[in-house]
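Colleague: Take this structure first; my questions come after.
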Amino acid sequence: MSSVVIRSVNLGTPRQISLGDRVIDTGFYKNPVQEPVAVSVTGLVGDHVADLSRHGGEDQAVYLFSEDDCQWWSVELGHAVRPGYFGENLTISSWWPTPRIGDRIHFNSLTLEVSFPRIPCATLAARVGDARFLKVFAAASRPGLYARVLTAGSITVGEIGEVEAAATSNPTAESLFALWHRSPRDPGLLRSALSAPIAHRGRAVFEAWLAQSPRGEALPLAPAGANGKAPA
């Protein structure tokens, strides 16, 4: 059984940023805290989520990123990437060998279940200060993972979580991230994803894509829109 260590617990406070000609409220900018934080089925208590139609919710209650990926991005971006920089709630030590949808992480009083890879959005590009960063992020294939809360509890820096692997028939998080961004799309992988406990926003998109392919042929990459809205 694999294990992970909590390196940082990060909470966001309300902040306004500019996106093109709009000013929006966001909780993306997160800072580490040292004290234990309560975690409910909707996420870390005290973490600000501005747009509940696109962010957070029970299926994407907690966002995890790894210390290894922070170090990789520090080299790629040319500056230190501290915990919370990518908007994650929990910075963990490293990923286990093959993260899959449905993998569970058991901490002292908290149990999480992997539900979807993080899909980049305009707020992420604004955070980095580069409108082209979404393509860079997609190409790097280091998205981090969303998780739902199966058992509410609390979390603190230094806790160790034991990973309970999901069935190998469940798709890997990496394969779903690639499925989202690359063409053609494999209907078989869409069906596999829909049989796994994926987040409801991703499920709605995959169902719509699969409906476009009644004969099972590979699907081209569709433009983002009503059926391609990123489950940020």
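The values are calculated or read from the model by the stated rules, or taken from the named source; none is laboratory data. For clarity, every value in this text was computed on a predicted model and none was experimentally measured. When we count neighbours, we look across all protein chains shown, and the Cβ atoms used for this are built from the backbone with ideal geometry, even at glycine.
Colleague: Check off (1) under 21 Å from F28 (Cβ atoms); (2) small (G, A, S); (3) at pLDDT 95 or above for S93 and give me the number that stays unchecked.
Modeller: (1)
Colleague: Within the range 38-62, count every residue that is in contact with a Leu (Cβ under 7 Å, 6 or more places away or on another chain) and in a loop (DSSP other than H, G, I, E, B).
Modeller: 2
Colleague: Restricting attention to the range 1-25, and to residues there that are in a strand (DSSP E or B) and in contact with a Pro (Cβ under 8 Å, 6 or more places away or on another chain), which single residue is farthest from V149 (Cα to Cα)?
Modeller: Filtering the range 1-25 for residues that are in a strand (DSSP E or B) and in contact with a Pro (Cβ under 8 Å, 6 or more places away or on another chain), the one farthest from V149 (Cα to Cα) comes out as D25.
Colleague: From (1) at pLDDT 95 or above; (2) outside any strand (DSSP E or B); (3) farther than 20 Å from F133 by Cβ, pick out the condition that doesn't hold for G87.
Modeller: That leaves (3) as the condition not met.
Colleague: Looking at the range 70-92 only, could you name the residues that are in contact with a Lys or Arg (Cβ under 6 Å, 6 or more places away or on another chain) and either surrounded by fewer than 22 Cβ atoms within 10 Å (Cβ to Cβ) or at negative phi (or both)?
Modeller: Across the range 70-92, the qualifying residue is only T91.
Colleague: To continue, here is another question. I'd like the residue in the range 93-124 that is crowded, with 20+ Cβ neighbours inside 10 Å and aromatic (F, W, Y) and, out of all such residues, is farthest from I198 (Cα to Cα).
Modeller: Only one residue tops the list, namely F107.
Colleague: May I pose another question? Going by the structure shown, is G228 on the phi > 0 side of the Ramachandran plot and either of a type in the set (S, T, N, Q) or modelled with pLDDT under 95 (or both)?
Modeller: When the stated conditions are applied, G228 does not pass them.
Colleague: Being farther than 25 Å from I198 by Cβ and in contact with a Leu (Cβ under 7 Å, 6 or more places away or on another chain) is the filter here; which residues of the range 10-37 pass it?
Modeller: L11, N31, V33, V37
Colleague: Considering only the range 51-63, how many residues are buried (at least 19 other Cβ atoms within 10 Å of the Cβ) and at negative phi?
Modeller: Within the range 51-63, residues that are buried (at least 19 other Cβ atoms within 10 Å of the Cβ) and at negative phi number 6.
Colleague: Here is a follow-up. Return the residues of the range 1-42 that are of a type in the set (G, A, S) and surrounded by fewer than 16 Cβ atoms within 10 Å (Cβ to Cβ); say none if nothing qualifies.
Modeller: Selection gives S3, S18, G20, A38, S40.
Colleague: Name the one entry in R22, R15, R104, R54 that is under 21 Å from G161 (Cβ atoms) and either of a type in the set (K, R) or touching an Asp or Glu at 6+ places or on another chain (Cβ under 9 Å) (or both).
Modeller: Within the list R22, R15, R104, R54, the selection yields R104.
Colleague: So E35 passes all but one of these: (1) assigned to a loop (DSSP other than H, G, I, E, B); (2) of a type outside the set (G, A, S); (3) free of Cβ contacts under 8 Å to residues at least 24 places away in the same chain; (4) more than 28 Å from N170 (Cα to Cα). Which condition number does it fail?
Modeller: E35 satisfies every listed condition except (3).
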